[in-house]
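Where a number appears in this text, it was derived from the coordinates with a stated rule and is not lab data. Note that this is a predicted model, so its numbers are computed, not measured. Cβ atoms come from the backbone with ideal geometry, glycine included; neighbour counts cover every protein chain shown.
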Amino acid sequence: MHEQAQLRLKKDEVQKLGAEVFVVLAMDHYRTRVFKEENLVLSTFKNPFTGEPSLVFGTALSDPAGSASALYGVSRKYVRGEAWVENDPCWFVIDRKGTLTCAYPPNFSGANFYEKDIDHVLEELRKAAEE
Amino acid sequence: MTKHFLCVPVMLSAVLALSSPGRAENPSPLESYRNLKYPPTRENSDRGWQERVQVEFDIVNSAELGALQAGLKDQSPFVRSIAARALGIRGDKDSAEALAELVKTDPEAMVRVRAVESLGLLKMQPAVIALAKKDKSDAVQWVARMAAGQLKSETDFREPVQKAYEAGIKPDKLGVARVGQPAPDFTALTSDGKPFKLSTVLGRKPILIYFAVFDG
């Protein structure tokens, strides 16, 4: 969710590049809609996005059986703690010709890495937009 | 004579059991899951996922309902979990009470998560779903909140999940996305349940895709 929140701060830049953004969740479309429309995670503790009603500006997609996730190699389906983890989060950049130009798993190793992740992804998106 | 006569069926059964390749070579989908080389534990997060995906598809699409119902009482929490998930996706309303019992009594949160998730898809046992919102596990509480939301809606959230599984998955398509290669096309649903195909936008504009988890 932090990744989406950070990307939303760069929404204008993404739109200038003429890019389209998708967020894929390996879950049914009800939960995908909640993910898109409600700030359920970051509203629960103090952070720069606590008061925001929604954090996702891209198109949210439901991948209920995890087929697309498996195609892109991010499916995992294991138990972490008490919960099931369907996917490993990962960014993919695709250029104007339809070629996959970047696969980038977010770092998640520190509070500031979300910004660095998005900066990196946007740099790759700029290159893809020039192709 | 009588003694020999009685022995024949026993001997025949033994011979058939030894010669029949079916049981050993074609284990049931649940048996395959029980015997996964890399069970779905955190240590195995990066290995064996392809097999876990394929077996899950097999279980949801083709496991016998009776076997799935029996699976809810399996010793392995992984088997109870996948059986609970499959019964919800298959729309087996006869299992609602057994799923509710799991939500209330199973010691493993990973099982209660799947059971309450399935009750949400089945739109059954609202009192148990409400109870699960106060479960000691945050993960169960979270899924229960989602299930409670599904109960309030008239939309069928289960059928699209089942259809997505029924579409199947080919082993040679797992993890084929490669940098420098054409991006693989896929189908998905928008958040309001409409079909989406990546190829409708591929090759027209730069695209950014994030495969997310609910909290990341």
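See the values below:
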| quantity | calculated |
| --- | --- |
| Some residue of segment A:44-57 being touching a residue at least 40 places away in the same chain (Cβ under 8 Å) and β-branched (Val, Ile, Thr) | yes |
| Residue among B:Ala115, B:Ala96 that is hydrophobic (A, V, I, L, M, F, W, C), surrounded by fewer than 23 Cβ atoms within 10 Å (Cβ to Cβ) and part of a helix (DSSP H, G or I) | B:Ala96 |
| Filtered residue count, segment B:181-200, keeping only those that are closer than 23 Å to A:Pro105 by Cα, free of Cβ contacts under 8 Å to residues at least 24 places away in the same chain, facing another protein chain (nearest Cβ under 7 Å) and of a type outside the set (S, T, N, Q) | 4 |
| Whichever residue in segment A:57-84 is out of contact with any helix residue (DSSP H, G or I) (no Cβ under 8 Å at 6 or more places or on another chain) and farther than 24 Å from A:Ala129 by Cβ and, among such residues, is nearest to the other protein chains (Cβ to nearest Cβ) | A:Gly73 |
| Flag if B:Ala147 is surrounded by 13 or more Cβ atoms within 10 Å (Cβ to Cβ), more than 7 Å from chain A (Cβ to nearest Cβ) and closer than 18 Å to A:Leu25 by Cβ | yes |
| All positions within segment A:15-26 that are surrounded by 19 or more Cβ atoms within 10 Å (Cβ to Cβ) and more than 7 Å from every other protein chain (Cβ to nearest Cβ) | A:Ala26 |
| Looking only at segment A:61-90, and only at residues there that are of a type in the set (S, T, N, Q) and over 16 Å from B:Ile89 (Cβ atoms), the one that is farthest from the chain's Cα centre (by Cα) | A:Ser75 |
| Residues of segment B:170-210 that turn out to be of a type outside the set (A, V, I, L, M) and assigned to a helix (DSSP H, G or I), as a count | 5 |
| Sole exception among (1) β-branched (Val, Ile, Thr); (2) at the interface with chain B (Cβ under 7 Å from one of its Cβ atoms); (3) surrounded by 21 or more Cβ atoms within 10 Å (Cβ to Cβ) for A:Val41, by number | (3) |
| Of the criteria (1) in contact with a Phe, Trp or Tyr (Cβ under 8 Å, 6 or more places away or on another chain); (2) over 21 Å from B:Val179 (Cβ atoms); (3) aromatic (Phe, Trp, Tyr), which one A:Phe45 fails | (1) |
